[in-house]
Every structure is written in C-alpha cells, then in structure tokens.
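Contents: one structure, followed by commentary.
None of the figures in this text is laboratory data; all of them are computed from the coordinates on show. These numbers were taken from a predicted model, which means no experiment stands behind them. Neighbour counts run over all protein chains shown; Cβ positions are idealised from the backbone, glycine included.
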Amino acid sequence: MKKLCGPRAGLRGFTIIELLVYSGILVVFLYVLTDIFTSVLDMQLSSQTASAVVQDSRYILSRFTYDIGRANDIIVPASLGDQSSSLTIQIGPSNYTYAAVAGDLTLTDALTNAALNSYGTKVSNVSFRRYGNVNGKHSVRIAFTLTSTTQRANGAEVQDFQTTIGLQ
C-alpha cells in the first residue's frame, strides 16, 4: 500500500491565488476589448453623421445649380438686394419654390412638394439674396446650415454653406 504525504498529495486543482490571478487577467482583457469595441462604434457613428451632412449638402447645392441654371426668371426675392427665406424661380411655365419647413428644405411646384434633405439632417438659417445688374442677368446668394439629427459624443455635426448661382 502506498502512503500519501500531506493532505493535498495527489490532488489536482487551482489555488485561490491562481484563480484570482487568472480572473484578474480575464477582467483586464475584457475591459480592453470592450473599450476597443465602443471606440469603433463611436467612430462609425461619427463617420455616418458627417457623411449624411456632406451627401445632403452636395445634393442640395447641385439641385440649386441645376434649377437656377435653367430658370427663366427669379420671382422671389423680387428686387435686387432683397433677402428672403424662400426662393421662387420660373422654369418654363412652372414656378418652383424652395423654403425651409419644419427642418426640411422643401421644393414645391404645381404638382409636388418634396424634401431635398434626408431624414439624417435638418436645415436651418436658410436665406436667399438677389444680386445683379439692372439690365443684366441676376444671381442668387444661397446660405443655409445643415445639422445632423444623430448625436455623437461631442454633439451634432453642423456645417454652414453659402454659394452664389446665376441665371444662364
């Protein structure tokens, strides 16, 4: 018969100290992974909000350039130097009106009423000022602010835009 020496002879397992060390290492590892994961999600959110503002601004400015370039006349603002919160232009027999309504930049004609910005942005501080010579072609200075609806950790993405577009 074999005699065992001491109470733990031949038993396998962990000591409390080993268990605490392994648990501590696991907690630190999980904390680092969680921190990396939240940083990636925050960066993705930041990228999406900036992208929404940039995409909407490109579309809105392109639409203004296209429509004003083919317009026959500027109806509102009516006189040189006038400033308005809406723009009405005549293209062929139809009038097109741009205005900010409840955070959306809307384009209204005889048949439709459509928002030019996406659900990811809000439009504010919209203004239109008419420029030009008395007998020459007129231009419109357009200014507006786009704000993302998604809130990042450091606030919403806000960008101001201003351009001048003339009749052709």
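Quick look at the numbers
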| item | result |
| --- | --- |
| Cα lying deepest toward the dipole's positive end in the chain, options Asn72, Gln168, Ile17, charges on Cβ | Ile17 |
| GNM flexibility winner over the chain from Tyr119, Tyr31, Tyr22 (Cα, springs under 10 Å) | Tyr22 |
| Leading residue at positive end of dipole, the stretch 16-166 (Cβ point charges), from Tyr59, Phe128, Ser39 | Phe128 |
| Net lengthening on full extension, Gln151/Ser94 (0.36 nm per residue, minus Cα-Cα) | 16.6 nm |
| Label-reachable residues, the stretch 50-80, where backbone N falls under 16 Å from a point 7 Å from Ala110's Cα toward its Cβ | 72-73 |
| Long-range HN-HN contacts of Asp82 with modeled amide H, under 5 Å | Arg130 |
| Net dipole in debye of the chain [+1 Lys, Arg Cβ; -1 Asp, Glu Cβ; about Cα centre; nearest 20] | 820 |
| Distant-in-sequence amide H partners of Arg152 (H built 1.01 Å from N, under 5 Å) | Glu157 |
| Label assignment, Rg and Dmax of the Cα atoms in Å derived from the structure, set (1) 19.6, 60; (2) 31.3, 120; (3) 17.0, 55 | (2) |
| Exposed-site-free run, longest, the chain (rule: trypsin sites (Lys or Arg not before Pro); DSSP loop; at most 11 other C-beta within 10 Å) | 13-136 |
| Spatial separation of Cα centroids for the stretch 28-92 and the stretch 105-168, in angstrom | 8 |
